[in-house]
1. Per-residue HN-Hα couplings for the range C:136-142, Karplus 6.51 cos²θ - 1.76 cosθ + 1.60 at θ = phi - 60°, whole Hz, x for Gly and Pro?
2. Under a 10 Å cutoff between Cα atoms, tell me which one of A:THR227, A:THR47, A:THR75 has the largest fluctuation in the Gaussian network model of chain A.
3. Under 11 Å from a label point 7 Å along Cα→Cβ of A:ALA211: give me every residue in the range A:291-311 with its amide N that close.
4. Please list the non-local residues whose amide H lies under 5 Å from the amide H of C:ASN242, H modeled 1.01 Å from N, same-chain partners needing a gap of 5 or more.
5. Scan around C:ASP25 for amide H atoms under 5 Å from its own, H built in the peptide plane at 1.01 Å from N, and keep only partners 5 or more places away or cross-chain.
6. When Cβ neighbours within 10 Å are restricted to other protein chains, what is their mean count per residue of peptide A:125-138?
7. Using mean Cβ contacts within 10 Å as the protection proxy, how do C:23-29, C:221-227, C:182-188 order, highest first?
8. Please sort C:137-146, C:12-21, A:34-43 by packing, taking for each peptide the average over its residues of neighbouring beta carbons within 10 angstrom, highest first.
Amino acid sequence: MVDTPHPNRQAEAGAPPGRPSRLTAILHRSEALRGYLLMSPTLLIMTLGIVIPFLILLVMSSWSRDGFGFDTTPTINNYLRAWSEPVFGALLTRSFWISGVATVATVVLCYPMAYYVAFHVHRRKMLWIILMTLPFWTSYLLRVFAWKVILGYEGVINSGLMSLGFIEAPLEFLLYSKEAVIITLAHAWAAFAILPIYVSLEKIDRSLLEAATDLGDGPVRRFLRVTLPLSMPGVIAASFLIFIPTTGDYITPALLGGPDGAMIGNFIQLQFGPVNNWPMGATLAIVLMFWIAAVALAFLLLTRKLQERLT
Amino acid sequence: MSQGTYIKRHNRALQVYAVAFLIVLYVPVLFIPLFSFNDSVYVRFPLEGFTLQWYVELWSREPVWNALWNSVRVGAVVSVIATILGVVAARAITRYRMPGKTALVTFIMMPLVIPGIIFGVALLVLLSRMGVPLSLYTVGLGHLIFCLPFAVATLLPRFEGFDPSMEEASMDLGENGWWTFWRVTFPMVFPGVVASLLLTFTISFDEFIMAFFLTGTDPTLPMYIWGQLRFPQQFPSVLALSALILIASFVLVFVAQWIGRVGLDQNRETP
Amino acid sequence: MTPPNAFISIRNVSKFFGTFQAIDDVSMEIGRGEFFSLLGASGCGKTTLLRMLAGFESTSQGEIYIDGQPMSDVPPHHRPVNMVFQNYAIFPHLNVRDNIAYGLRKQKLPKPKRDAMVDEMLDLIKLPGYGGRKANELSGGQRQRIALARALILRPKVLLLDEPLGALDKQLREQMQLELRALQRQVGITFVFVTHDQEEALTLSDRIAVMSGGRVLQLDTPTGLYETPKSRAVASFIGSINFFRGTVRRNGGTAGAVEAEGLGTVPVAAEHLGRPDGTPVLVALRPEKFALSASRPADAAHAVAGRLKTAAYLGERSHYYLEIEGRDEPVAVSSQNLGRIAAAAEGGDTTLWLSWSPESMVILEAE
């Protein structure tokens, strides 16, 4: 077989390849440019959806309500109000408290589950993972509603206990309280805790555990000295993934928090609803974000300090 | 895995815990279908009897079907657009050397860690200042921004596990970018695309927080349910509706995961 | 710029990845129908150079010409070049036939013609009838051949091969080497072959470019590289070799000699020297250039005595390490086991005589 050029190739070989345009030439040379260009629609949407709204939010927080419109003279009155009026501070503190407790409860309760699947399940791990996360993919609203059904005055727990004769009158503290909110949050966000912890446990090199045993550690010791520290990145990730979104939650407190369990999310929502004070709502949203960032940062620094102390 | 029998020792306590955990996880959710068959307006024990009347009644209620159709429409459009944008972004991130890539990825993933209420509120403010009336389109926009990180997170591993020399081989053999994508890239990431479509659809379909702020006169299904919660008489119907949605979501997610696994097996080569 | 005469011309090409320089001012010309190899250790830049020929990397500086055409703005899918990738890059979702016929889509040939071409290729790579098989069910060697067929069916002017035999076991690799060589002769296409295996390069190539640190150390025929390396780096890269420190001794005119540690003063034809008297040089001698005998050979012009330190038996040949006076390091000598050789006593006082001819000495710059 001799190297006879194929007819098509012949045409290409004879004449110089069609001189591409300047633009194509530049694109051919710069990889970074090609990459960013390819992503541009995505980036555009995200910028439109994240950056611009936040900027507008910032701007709105500096306005004031004026009847049905806005007084657009920039002012920091809203921020001063948020700072000075005790109700906002109290609400914020309570929100962080509820989220914090829910986060700790979720992480602590989910850790053994993640541990079980990582270390004691050997076949069909995927099945377990799907089982654990499936409830998460259903409507959040429905899951909160389910707890309302359970904890209600005439709800499942009360009517069940009463019909079984354990109690005579329905328990009142179950619903419309901080505790109800915490329980519901913990249940609803469990999946977000399990996955990161599971992933970091799965990554632990099993031979490290064997080495620890070989060097004299019993199972509890080994857990405390090897497994737990190595799974910390997963625990921290889980904590963030639960804490941050729950601070702004308003469905759960609205459905079953009552006045005792109201959170800042409710308040923000009210500002955009019946109270109709959008600038205040914007301000509170920004204040919330600020405090979330502050708490998150403090938490990160704390864990870093702890890590340095331990190693 | 060389765990050694010592570490593999069965731990009864943990097993019991795991099972109890799953029970606690699922039971609250399973109460909904349970009471949807209960012959009583009140959601409480003891159960009064089996009935399908709530489901039957649901059938004739037109607002329910309207809301359902709205949610389906929004979900479909959002899932398609989010997946397309996700494919494009995942490919760019895994194939090109770009400065500032980590910052870029973090930026895209941000909606996952910001409370939904803040997004809802921020978008509401933006849209109202721009004079855009609230409608299913605005809900769709909010959902799109929320679903994009999920789409990217689903597609990124697909593209990363995909040998770049496949695309290079295709180009080397004469196909330009467009043809290479359709002949090589797309077939190979297809399971990820399907998973992304199903996932983003489910997320949009169930999403309530942002829909609350961005809905106009046409409610999505979660918004409709929220409205109905104020009327105790409607409780059982709401339960019936919720039960149906639950089952549908379960099935969709299961299928998405299963397809994801099948795709992975197909790409495995004999050594 | 006047197009060059060679088929592939690489002119003063450099490549930077950020601040890292992968290719440093490389120039070379490759002839039509040549089996040309790029040889070097990992990281020397040979794969980068290959990818620049294919069009997957652009040149930071310099120009590449293929058949007279400049290639800098030509994207990979327009180049008359095809590549066989290191891991073969066989499309797992297509069967063997569709894999091989992949590049034919653009030519819009009628199906019978396409099928005929694929069958012709399957015969060429000795896998007849495999068309319907799922591509990822085949073994490494088979996939490698399919990758070859997929590229060759397009009749490229140049075939680029990126370490295609690296993943194969030794026997299969040797067999494939012979088949590749035969194939190239048969098809007549220019092959540019990248490898880190010097034996492979020596076996297959018409010419080899030895690369290191992004530069070409020497471009020569296999014999040229082996027998007349131009630098210490090239000499020690290919095969094993002994280096002796030496000094040039010339007393004017055409005569000249080199005084080397342990070897004495050996006359060398002046044209090999080209250096003034007293210049320090390196004398290189391959282990197989020495002849060993139990007593001083009568007919050898130059011989030295050595004490046997270690011997290694390798089946078809043995390696001996002898200490000679005037040199710290033992000299490595390699000779074929022509007869049954009783194991020589190591250490001890066995004296053997080494002899060699001056023509086998390579004089290099002292570094």
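Only the coordinates and a few stated rules stand behind these numbers; no lab work does. Worth saying up front: this structure is predicted, and the values here are computed from it rather than measured. Ideal geometry is used to build each Cβ from the backbone, glycine not excepted, and the neighbour counts take in all protein chains shown.
1. Per residue, the Karplus-derived 3J(HN,Hα) values read 8, 9, 8, 6, x, x, 5 Hz.
2. Looking only at A:THR227, A:THR47, A:THR75, the largest GNM fluctuation is found for A:THR47.
3. Within reach of a label on A:ALA211: no residues.
4. For C:ASN242, whose amide H was placed from the backbone, the distant partners under 5 Å are C:LEU285, C:ARG286.
5. HN-HN under 5 Å from C:ASP25: C:SER14, C:LYS15.
6. What the average comes to for A:125-138 is 5.
7. C:23-29, C:221-227, C:182-188
8. Ranked from most to least packed, the peptides come out as C:137-146, A:34-43, C:12-21.
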